[in-house]
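Just below is one structure, and these are the notes that go with it.
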Amino acid sequence: MKRLAGVLGGVLVVLLLVSMPAFAGEPTEGILSQVVPSAAAPAAEAIGDLPKVDTGDTSWILISSALVMLMTPGLALFYGGMVRTKNVLGTIMQSFMALGVITIQWVLFGYSLAFGPDIHHVIGSLDWIGLKGVGLEPYPAYSATVPHQAFMIFQMMFAVITPALITGAFAERFKFKTYLVFLILWATLVYDPLAHWVWGVGGWIRELGALDFAGGLVVHISSGIAALAATLVVGKRKGYGQEAMPPHNLTLTLLGAALLWFGWFGFNGGSAVSSGSLATSAFVVTHISTAAAALSWMMAEWAYRGNPTVLGAASGAVAGLVAITPASGFVGPVSAIIIGLAAGVACFCAINLKSKFKYDDSLDVVGVHGVGGTLGALATGLFASKAINPAGANGLFFGNPELLGIQALTVISAMVYSFVVTLIILKVLDLTMGLRVSEEHEVNGLDLSQHGESGYNY
């Protein structure tokens with residue numbers, strides 16, 4: 001504990017020394033003279049009168065869509081390696097099938113609810129149901145240079161991975177058929193409204209002036225808090241706390257983490273909806289923050305437990321990716337280091353509180369995505385700079401304390417909404433379909449009981 005306290009103290013000193021604008025290393029002018037607004041905050045005034053498809057921007061958004069799509073199979077490997085051998089296929093299947101279910105939901109009505117014409121600042125209308133009117137010309141409210149369908153498919157990949165993140169909380173014990181229904185309900189009732197609030201034209205959080213470049217609120221806080229609700233409703237795994245449940249294949253987990261790191265460049269860089277300077281800045285700070293978080297988690301774990309672990313390094317990298325996501329289009333390189341260092345230590349401490357609060361968050365979704373997303377959203381209120389993105393706002397350290405208050409308000413709003421609605425969804429499903437597999441099926445494993453096959457044949 002003394003060693004951990006020393007590490008934490010050192011990190012805090014670093015944060016204090018470099019957090020002020022004079023040390024932050026942010027440019028004060030010029031680097032984004034041709035920047036377009038982010039997907040999170042498109043500005044009508046920045047859009048030309050005659051939208052025209054730009055092949056460079058379109059290429060980048062399509063490549064970014066493919067990168068974000070790859071993150072969901074990457075998540076499947078990341079989670080799959082952390083469960084026991086008997087549950088590897090069941091865990092992978094949950095992430096993989098999110099690609100199928102959410103794709104269809106998004107095309108039929110999800111995209112229209114999230115980004116369609118606004119209804120009272122709360123939800124999109126169904127004017128775009130079945131992608132009616134979502135064509136191959138730009139839709140200026142979201143991008144003046146890429147086809148509307150390109151923007152739609154990019155946003156689809158965010159909608160796919162978000163509910164898949166939640167599965168880490170109830171891994172090894174959830175019915176697959178119930179999970180498929182949960183996907184549709186959660187995406188429709190939680191993800192789509194939040195996406196509209198934050199990114200949709202007319203959404204109340206967007207109108208409030210909050211900044212969420214690539215999904216701190218929409219993706220990570222929503223899934224992290226939903227995971228907390230799931231742990232409370234679904235309950236603990238059989239034998240949790242009495243028997244060891246170590247990861248069965250950390251090689252698989254590290255490969256998954258590497259794919260997440262790779263795909264995240266599209267996640268954050270693509271949210272510029274442009275292949276220019278803003279995409280470059282988001283790409284760069286994403287990598288920097290991830291590296292810093294992997295290091296800080298490793299050092300904290302080394303001090304606390306006596307060994308730096310592969311699982312810790314992988315988890316730290318994901319924590320850094322999560323924390324930089326909302327800030328990636330608004331902060332510079334040194335701010336990214338600070339955010340990454342803080343995220344690694346904060347998320348490491350958070351997952352170690354599970355035993356104290358006695359909840360079974362199997363794969364640490366709450367500690368990494370809930371805590372990391374919250375830290376990133378609040379850090380945006382500290383380190384955001386209009387020198388990085390003129391379409392954004394300055395944060396506390398750049399003379400605008402109001403932004404931090406706005407960020408805090410929206411974080412609380414997203415938490416409350418996601419928790420309450422997820423709780424209701426799970427309670428209804430528990431009463432109608434049942435959430436958990438039987439005790440016998442849980443003992444035998446989800447691979448055999450839910451899918452009739454095994455991940456390994458020896």
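The values are calculated or read from the model by the stated rules, or taken from the named source; none is laboratory data. Note that the coordinates shown come from a computational prediction; the quantities given were computed from them, not determined experimentally. Here the Cβ is made from the backbone with ideal geometry for all residues, glycine too, and neighbour counts use every protein chain on show.
The set of residues in the stretch 238-272 that are within 28 Å of residue 438 (Cα to Cα) and either among the polar types (S, T, N, Q) or touching a Ser or Thr at 6+ places or on another chain (Cβ under 7 Å) (or both) comprises 242, 247, 248, 249, 253. Scanning the stretch 157-191 for residues that are more than 22 Å from residue 442 (Cβ to Cβ), aliphatic (A, V, I, L, M) and surrounded by fewer than 22 Cβ atoms within 10 Å (Cβ to Cβ) yields 184, 185, 189.
Among residues belonging to the stretch 204-220 that are of a type in the set (Gly, Ala, Ser) and buried (at least 24 other Cβ atoms within 10 Å of the Cβ), point out the one that is farthest from residue 411 (Cα to Cα). Residue satisfying both the conditions and the ranking: 214. The numbered conditions (1) of a type in the set (S, T, N, Q); (2) within 17 Å of residue 352 (Cα to Cα); (3) surrounded by fewer than 24 Cβ atoms within 10 Å (Cβ to Cβ) are all true for residue 315 except (3). Just one of the listed residues (53, 107, 68, 101) is at pLDDT 95 or above, out of contact with any strand residue (DSSP E or B) (no Cβ under 9 Å at 6 or more places or on another chain) and not in a helix (DSSP H, G or I), namely 53. Only one of the numbered conditions (1) under 18 Å from residue 161 (Cβ atoms); (2) outside any helix (DSSP H, G or I); (3) over 18 Å from the mean Cα position of the chain (by Cα) is violated by residue 214, and that is (3).
Can residue 142 be described as of a type in the set (Ser, Thr, Tyr), in contact with a Phe, Trp or Tyr (Cβ under 9 Å, 6 or more places away or on another chain) and part of a loop (DSSP other than H, G, I, E, B)? Answer is yes for this residue. All conditions in (1) modelled with pLDDT of 95 or more; (2) among the basic types (Lys, Arg); (3) assigned to a helix (DSSP H, G or I) hold for residue 386, with the sole exception of (3). Taking the stretch 295-377 as the region of interest, the helices (runs of 4 or more DSSP H) fully inside it that hold 1 or more residues being within 19 Å of residue 250 (Cα to Cα), in contact (Cβ under 8 Å) with a residue 24 or more places away in the chain and out of contact with any strand residue (DSSP E or B) (no Cβ under 9 Å at 6 or more places or on another chain) are 310-324, 333-351.
Assess whether residue 262 counts as being closer than 19 Å to residue 368 by Cβ, surrounded by 24 or more Cβ atoms within 10 Å (Cβ to Cβ), more than 13 Å from the chain's Cα centre (by Cα) and not hydroxyl-bearing (Ser, Thr, Tyr). In short, no.
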